[in-house]
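These notes are about the structure you will find just below.
The values are calculated or read from the model by the stated rules, or taken from the named source; none is laboratory data. Note that this is a predicted model, so its numbers are computed, not measured. Surface accessibility is based on the protein's heavy atoms, side chains included, excluding ligands, DNA and RNA. Shrake-Rupley method; radii C 1.70, N 1.55, O 1.52, S 1.80 Å.
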Amino acid sequence: MGMSTDIARAKARKLKGMIKESDGIALENERLKAEGRREQAEARREEALARASRAASGR
């Protein structure tokens, strides 16, 4: 998979997490809010790894 694809996939996952978190807030569901926050954190980590890999390859 290309590095740009990895970055885009991580951004989409981060957006999904943001939506889950906002749904949790609207529904007053702590589990859903926490799940959304966790998903965002994982996506930020994935994006950082993809960007570092891209930088290391010289692109």
Quick count over segment 24-59, residues being open to solvent by 90 Å² or more (accessible area, probe 1.4 Å) and either farther than 16 Å from THR5 by Cα or among the hydrophobic types (A, V, I, L, M, F, W, C) (or both), is 9
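Regarding GLY2, is this residue open to solvent by less than 90 Å² (accessible area, probe 1.4 Å), modelled with pLDDT of 95 or more and not polar (S, T, N, Q)?
Numbers: open to solvent by less than 90 Å² (accessible area, probe 1.4 Å): yes; modelled with pLDDT of 95 or more: no; not polar (S, T, N, Q): yes.
When the stated conditions are applied, GLY2 does not pass them.
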